[in-house]
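Peer 1: Before I ask anything, let me first share the structure, which is written out below as structure tokens.
Every number in this text was worked out from the coordinates using simple rules, so none of it is lab data. All of these numbers come straight from a predicted model, not from anything done at the bench. Glycine gets a Cβ as well: all are built from the backbone with ideal geometry, and neighbour counts include every protein chain shown.
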Amino acid sequence: MQMNKSSLFWGILLILGGIAALAQQLGYLDQLPDNAWVWVFGALSLVGFVSYFTSSMKDWAWLFPAGVFGGLAVTVWLAISGVDGAGVGSPIFFGLLIPFLAAYFADRSHNWWALIPSVVMLFLAMVTLMVDTTRGEWIGSAFLFLIALSFFVVYLSKRTNTWALLVAYIMGVLGIAPLMATGGELAAYYGSVFMLAIALPFFVLYFRDSKNWWAVIPAGVMTTISILAGLAIAGWIRNEEQGGYANALLMGGLAATFAVVWLRNAKDWAKTVTIVLGALAVASIFFTSYTNIFWPLAIILTGGYLLFTSLQQKDAH
């Protein structure tokens, strides 16, 4: 019969822990030196490390007691040495980081999930080290960037995990927000930056393969909205007259988008959309002082154009 080393270890540990707690309640441990627990936790950590290395480094679960008790030993040593601040607790999180990293490197294709708790432990360790001296915005960005990095590594480990690349990109973009908040007025531009960031992967899809012609539509729309948002935040679009030029820019950007679909990808239906949007862009300039009636007229003109082209097609048949 093979001995279960894990059960043996935890069984002995619980018994010794219970005896220590009982002795503490009875007053037998009051005379122990302050560093006694450093040695106790250090010894338990050493047992965990020895068990891990004697298992040919396959049983990474042994690194949990090794890391936790090692972290506790360092934390107690820092506390009795007079070190003050939240950073005293960081060794425990670094200790918990060790087994998850070992699990990942033991089998990167199957244990990719271990990167997620690894990032969480690393972040918590960093927070305890930085919280006393670092602004909260930087800590928030660091957390989001670390999550992005972990999912990017998941993608690199197995290139078929394209979903992980998407999550990494989204987390990276979101990580910019807290950083921009430190820039005062620049924080207002985050919405514009975010819209442009959404457009970027669609541009990549489009220019990577012309078969992905559809990708240029969300790319163009998001880019146009991003530019308009930036102009509005900068104060260039303030009154009714400038709003007319904003309509022209919006219609012009959308017209350019569908013009690419029409001319570069030979989609005939995009020709109609391009002409309508281009006409609306030109018309909006002449109606800059009458923006309140522009959209109703635009809808009427669009409907009239579509009706006219429909009747032409009917006569051709």
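Peer 1: Just grab the label-to-label distance for ALA279 and ARG208, each label 7 Å out from Cα along the Cβ direction, in nm (one decimal).
Peer 2: Going by the 7 Å Cα→Cβ label model, 3.8 nm.
Peer 1: Also, I was wondering about something else. Quickly work out the TRP269-to-SER56 label distance, labels modelled 7 Å from Cα along the C-beta direction, and quote it in nm with one decimal.
Peer 2: Roughly 6.1 nm, to one decimal.
Peer 1: Specify whether the C-alpha gyration tensor of the range 56-130 places it in the rounded, prolate or oblate class, a ≥ b ≥ c being the square roots of the eigenvalues: rounded for a/c under 1.5, otherwise prolate if a/b is larger than b/c and oblate if not.
Peer 2: Taking the square roots of the gyration eigenvalues as a ≥ b ≥ c, the range 56-130 is oblate.
Peer 1: Two-decimal Rg/Rh of the range 135-182 from alpha-carbon positions, Kirkwood Rh?
Peer 2: 1.08
Peer 1: Using only the Cα atoms of the range 138-219, build the gyration tensor, take square roots of its eigenvalues as a ≥ b ≥ c, and label the shape rounded, prolate or oblate: rounded if a/c is under 1.5, else prolate if a/b is larger than b/c, else oblate. If you can, show how the numbers build up before the last one.
Peer 2: Numbers: a/c = 4.45, a/b = 1.29, b/c = 3.46.
Here the range 138-219 falls in the oblate category.
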